[in-house]
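Structure record follows, encoded as C-alpha cells.
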Amino acid sequence: MDHAAHHTRTAHDRAAHETPADQGGRRPGGATWGAAAKATLHCLTGCAIGEILGMVIGTALMWGNVATMILAIALAFVFGYSFTLFAVRKAGLDFKAAVKVALAADTVSIVVMELVDNGIIALVPGAMDAHLSDTLFWASLLGGFVIAFLLTTPVNKWMIGRGMGHAVVHAYH
C-alpha cells in the first residue's frame, strides 16, 4: 500500500477544506456595502412597521410619551425578528432553531436602530408631543429612520464581515 498518497493533499482536497465562497464568489469576511445595506433595509422594514404601529397606537390612545415609546420599541423588536423568523422557518428550520438564528441575525442591528431612531425622536423639540396629523410627528419619525439606516449599515457591514449578524441568515437562503 502506498502511504505517500495519504499525506499528499490535492488541490481538490484543499478546496474542500477552505471556507466556501458565496454565490457572488466572495469569501466571508469580505462584506460589501450592498450586502450591509440590504441587511439594514431588511431590519429597518420590520423595525419601521413595529415602530410606526406603536407610535400610532400610543398616540391615538393618548398614552404618555414613555408608554408610547416602550410600545413602539417592543413592536419594532417583534416585527424586526418576525421577518427573519418567517424567512428561516420557510427555509425549513424548526421554531427553536429559527428563533436562535433570528436573535443572532438581528439583535445588534435592531438595538442600534432603535437607539438612534428613538434618540432622534426624543431630541427633536416637540416631536414627542406631536399628534398623528402633525408634520413634525412624521418628519421626526421618518428622519430618525433615515439616520438610523445610515448609522446601522456600517455596523451590519462590520458584523457580516465577521460572520455575525445577518451573515447567519444567509446560510438559510
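The values are calculated or read from the model by the stated rules, or taken from the named source; none is laboratory data. Computed from a prediction, not measured in an experiment: that's the story for all the values here. Here the Cβ is made from the backbone with ideal geometry for all residues, glycine too, and neighbour counts use every protein chain on show. For the accessible areas, the whole protein counts, side chains as well, though only heavy atoms, and no ligand, DNA or RNA atoms are used. Shrake-Rupley method; radii C 1.70, N 1.55, O 1.52, S 1.80 Å.
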Paramagnetic reach from Met164 in region 106-121 [backbone N under 15 Å; point 7 Å along Cα→Cβ]: 106-113
Net length gained if the chain between Leu151 and Lys100 were fully extended (0.36 nm per residue, minus Cα distance): 15.9 nm
Total formal charge among the other residues, if their Cβ is under 14 angstrom from that of Met128, Lys/Arg +1 and Asp/Glu -1: -4
Solvent-accessible area, 1.4 Å probe, carbon plus sulfur percent, for region 22-173: 72
Neighbour net charge for Ser82 - beta-carbon separation under 13 angstrom, K R +1, D E -1: +1
Simple label model, 7 Å out from Cα along Cβ direction - Asp129 to Ala91, nm: 4.7
Per-peptide average of other Cβ atoms within 10 Å, ordering 163-170, 74-81 highest first: 74-81, 163-170
Distance cut-off 17 Å, percentage of C-alpha pairs in region 65-173 lying past it: 58
Summed residue charge, Cβ within 12 Å of Met164's Cβ, Lys/Arg positive, Asp/Glu negative: +1
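With the other protein chains left in place, how much accessible area per residue, in square angstrom, belongs to region 120-173 at a 1.4 angstrom probe?
Result: 55 Å² per residue.
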